[in-house]
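The structure appears below as structure tokens.
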Amino acid sequence: MEYDANHMAEEQKLVEKAKRDPEAFGTLYEQNYDSILNYILRRTGNVQAAQDITAETFLKALKNIDKFKWQNIPFSAWLFKIATNEIAAWFRKSRYTAVSLESLREVGFDLRAGDDVEQELITAQEEIQKNQEFLAVLAKIDQLPPKYREVIALRFFAHKQLSEIGQILGKPEGTVKSLLHRGLKKLKIFFRKQEADATFELKRQYKG
């Protein structure tokens, strides 16, 4: 997504205001909630985990917003960075400590009504579960080293441009492009091996 100068200037004012006013942070929450939640859902394939990780992402952003330094980069880049780290933690841990959305309410601002969003999430998860090809790709992506996994996920699940991914991960655009190329190459190798293994197994069963 491209941001014009006026949008960036308004967002900078809102971020600075949010450092002293929870209601302003609530506006940032509203503006970025859907994109963060949808990205996490597509990375985890799990509604409950997506809700928990999203809550943790915004809670950490709220707690650390005083440390946020404006560098003429969209605020969402910082949120995606936090979300990426939280997703990695979720995959590393056998048990993920969930943070209730109530934790956000307790610090001073109201959340959006969740019924419609929750129903949309349930529908999205059902669609994901029906799409076996997507699940196979997701499983292979999760086998990649983090440096490849993060770039591929942001490019294809969050639909970020290379420049945006660089902002989120703190890497030069050329490095992001290289990681994306290498990661996709590794994915192709995974699937070729899977196809070869499946063919071998079919032949073995046929021969009895």
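Starting from the stretch 64-93, keep only residues that are surrounded by 14 or more Cβ atoms within 10 Å (Cβ to Cβ), then list their pairs with residues that are assigned to a loop (DSSP other than H, G, I, E, B) whose Cβ atoms are within a distance under 6 Å, requiring at least 6 positions of separation or different chains.
ILE65/LYS19; PRO74/TYR3; TRP90/TYR96
State the number of residues belonging to the stretch 39-50 that are in contact (Cβ under 8 Å) with a residue 60 or more places away in the chain and open to solvent by 50 Å² or more (accessible area, probe 1.4 Å). Working first, answer last.
First, pick out the residues of the stretch 39-50 that are in contact (Cβ under 8 Å) with a residue 60 or more places away in the chain: 39, 41-43, 45-47, 50.
Next, from what is left, pick out any that are open to solvent by 50 Å² or more (accessible area, probe 1.4 Å): 42, 46.
Summing the residues that are in contact (Cβ under 8 Å) with a residue 60 or more places away in the chain and open to solvent by 50 Å² or more (accessible area, probe 1.4 Å) in the stretch 39-50 gives 2.
So which of LEU79, LEU59 ends up being closer than 20 Å to ARG43 by Cα, of a type in the set (A, V, I, L, M) and more than 13 Å from the chain's Cα centre (by Cα)?
Being closer than 20 Å to ARG43 by Cα, of a type in the set (A, V, I, L, M) and more than 13 Å from the chain's Cα centre (by Cα) holds for just one of LEU79, LEU59, which is LEU59.
Output the number of residues of the stretch 63-81 satisfying the condition of being of a type in the set (A, V, I, L, M, F, W, C) and part of a helix (DSSP H, G or I). Lay out the reasoning, then the answer.
Here is the first cut: in the stretch 63-81, the residues of a type in the set (A, V, I, L, M, F, W, C) are 65, 68, 70, 73, 75, 77-80.
Keeping just the survivors that are part of a helix (DSSP H, G or I) gives 65, 75, 77-80.
Within the stretch 63-81, residues that are of a type in the set (A, V, I, L, M, F, W, C) and part of a helix (DSSP H, G or I) number 6.
Quick one: how many residues across the stretch 15-30 are touching a residue at least 40 places away in the same chain (Cβ under 8 Å) and either part of a helix (DSSP H, G or I) or under 18 Å from GLN167 (Cα atoms) (or both)?
Step one: filter the stretch 15-30 for residues touching a residue at least 40 places away in the same chain (Cβ under 8 Å), giving 15-16, 18-19, 22-23, 25-26, 28-30.
Then keep just the ones that are either part of a helix (DSSP H, G or I) or under 18 Å from GLN167 (Cα atoms) (or both); that gives 15-16, 18, 22-23, 25-26, 28-30.
Count: 10.
Among LYS171, LYS177, LYS186, which is the only one that is open to solvent by 40 Å² or more (accessible area, probe 1.4 Å) and not in a helix (DSSP H, G or I)?
Going through LYS171, LYS177, LYS186 in turn, the sole match is LYS171.
Within the stretch 150-168, take every residue that is in a helix (DSSP H, G or I) and touching a residue at least 60 places away in the same chain (Cβ under 8 Å) and give me the one that is most open to solvent (accessible area, probe 1.4 Å).
Within the stretch 150-168, the subset in a helix (DSSP H, G or I) is 150-156, 162-168.
Applying the additional criterion that residues be touching a residue at least 60 places away in the same chain (Cβ under 8 Å) yields 150, 153-154, 164, 167-168.
Details: GLU150: 38, ALA153: 1, LEU154: 0, GLU164: 18, GLN167: 75, ILE168: 9 Å².
Going through the qualifying residues, I end up with GLN167.
Scan the stretch 51-60 and give yes if some residue there is touching a residue at least 60 places away in the same chain (Cβ under 8 Å) and either among the β-branched types (Val, Ile, Thr) or part of a helix (DSSP H, G or I) (or both), otherwise no. Write out each step before concluding.
The initial filter retains those residues of the stretch 51-60 that are touching a residue at least 60 places away in the same chain (Cβ under 8 Å), namely 51.
Retained after the next criterion (residues that are either among the β-branched types (Val, Ile, Thr) or part of a helix (DSSP H, G or I) (or both)): 51.
The answer is yes; a qualifying residue exists.
Quick one: which of LEU184, LEU154, LEU180 is at pLDDT 90 or above, over 18 Å from THR84 (Cα atoms) and of a type in the set (A, V, I, L, M)? Spell out the reasoning first.
Numbers: LEU154 fails: over 18 Å from THR84 (Cα atoms); LEU180 fails: over 18 Å from THR84 (Cα atoms).
When all the criteria are applied, what remains is LEU184.
The values are calculated or read from the model by the stated rules, or taken from the named source; none is laboratory data. Just so you know, these numbers come straight off a predicted model, no measurement behind them. Because the Cβ atoms are built from the backbone with ideal geometry, glycine has one as well, and the counts that use them run over all protein chains shown. We work out accessible area using only protein heavy atoms, side chains counted, and drop any ligands, DNA or RNA first. Shrake-Rupley method; radii C 1.70, N 1.55, O 1.52, S 1.80 Å.
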